[in-house]
Amino acid sequence: MKIDDIRGMTPDQLGDTLLSLKKEQFNLRFQAATGQVEKTHRSSEVRKDIARIKTVLRAKQSAA
């Protein structure tokens, strides 16, 4: 997910996206524990996307 796409989202959209990414991260953790992960790099991508969204949300909240 690109940072420009994230900055263009509303806080509600960011919250929804954050929730779906956290669910995906949870599922990836379970897959890793059971050895079923096909795309091992996806967990780090999800983690970085969560951090990007949290950063943009915090910046929008402090600007308001």
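Rundown of residues vs (1) free of Cβ contacts under 8 Å to residues at least 24 places away in the same chain; (2) touching a Pro at 6+ places or on another chain (Cβ under 7 Å), yes/no style:
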site: L21; (1), (2): no, no
site: K39; (1), (2): yes, no
site: K60; (1), (2): no, yes
site: A64; (1), (2): yes, no
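Residues that are exposed (fewer than 10 other Cβ atoms within 10 Å of the Cβ): which helices (runs of 4 or more DSSP H) entirely in the chain hold 2 or more of them? Don't jump to the end; show me each part of the working.
Working: elements: 3-7, 11-34, 42-63.
Where helices (runs of 4 or more DSSP H) fall fully within the chain and carry at least 2 residues being exposed (fewer than 10 other Cβ atoms within 10 Å of the Cβ), they are 11-34, 42-63.
Values quoted throughout were computed directly from the atomic coordinates according to the rules given, and no laboratory measurement underlies them. Predicted model, so just to flag it, every value in this text is computed and none were measured. Positions of Cβ are backbone-derived with ideal geometry, glycine not excepted, and every protein chain shown enters the neighbour counts.
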